[in-house]
Amino acid sequence: MQEDDFIRSDGRKPNELRKIEFETGIAANATGSVLVSFGNTKVICAACVEKKVPSWLKSAVPPKGWISAEYSMLPYSTLSRKQRASSSGKQDGRSVEIQRLIGRSLRAIADLEKIPETTLWLDCDVLQADGGTRTASISGAYVAAKIAVAKALSEGTLDADPFTDSVAAVSVGIHNGRCLLDLPYSEDVDAEVDSNIVMTGSGKFVEIQSTGEESTFDSGQLLELISLAKSGIEKISALQQEAINKALENFPSQKKEQATV
């Protein structure tokens, strides 16, 4: 990985994350919730447990549950007002792509047979967008989901924790020839290469999205981007577990153990 004395416009080194925070318990009516901040990007992630599954899963043998996500950017989350999907009459393609990514990222680390005939809904609403909304949403959705599972276990709504690992995501990219970690909008908008990487806490990949924006990149640069992402996700994973542990302090100890990877 390249090392130099370059300092980015926000004062970070190329391999530094923005300030990342997970504030749990943000939505009282959700089974689990968190306000996740990646710098100035802020997303509310809420998880709800529903005792039903999509119709195509009802006849699954053995019975299985499902994990699904919805993603939206609130009108005031961007510099210019963003029209609500309900006003335009349809979701934009980007939102559909992102919510599918969130859902499959959580399903990648779940044994759905442990939550038969149950859907875990993940709602991710962007309050403020400054780059990395999809990576913040995935990272926050996992925290909300783990808290929801712990609460459902304590209440007897679920019999087992479906999660076998943790999952987090971070953006990386090439900007002015340098590989950078966790890009804000000012860097992302002009990046030659834009990447979003999703990994498990055990270091396995869920998804790698890398695109040359009117540019190309070689295998060495890709490996450097992956290395940057891995180092960032290790730190994010630690922050996730810290937030989950803090949220579960008042839960019965046996339930807390079941809810911790």
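Quick notes
- The stretch 9-33, subset of a type in the set (Asp, Glu) and over 18 Å from the mean Cα position of the chain (by Cα), residue surrounded by the fewest Cβ atoms within 10 Å (Cβ to Cβ): 10
- Selection status of residue 136, at pLDDT below 95, more than 24 Å from residue 65 (Cβ to Cβ) and touching a strand residue (DSSP E or B) at 6+ places or on another chain (Cβ under 9 Å): no
- Residues in the stretch 126-139 include at least one that is more than 17 Å from residue 232 (Cβ to Cβ), within 17 Å of the chain's Cα centre (by Cα) and either open to solvent by less than 10 Å² (accessible area, probe 1.4 Å) or acidic (Asp, Glu) (or both).
- Strands (runs of 3 or more DSSP E) enclosed by the stretch 153-234 - at least 2 residues per element that are without any contact (Cβ under 8 Å) to a residue 40 or more places away in the chain and open to solvent by 50 Å² or more (accessible area, probe 1.4 Å): 205-212
- Leading residue by the ranking (nearest to residue 169 (Cα to Cα)) among those in the stretch 13-56 that are assigned to a loop (DSSP other than H, G, I, E, B) and free of Cβ contacts under 8 Å to residues at least 12 places away in the same chain: 13
The values are calculated or read from the model by the stated rules, or taken from the named source; none is laboratory data. None of these values were measured; they are calculated from a predicted model. Cβ atoms come from the backbone with ideal geometry, glycine included; neighbour counts cover every protein chain shown. Keep in mind that these areas ignore ligands, DNA and RNA; they rest on the heavy atoms of the full protein, side chains included. Shrake-Rupley method; radii C 1.70, N 1.55, O 1.52, S 1.80 Å.
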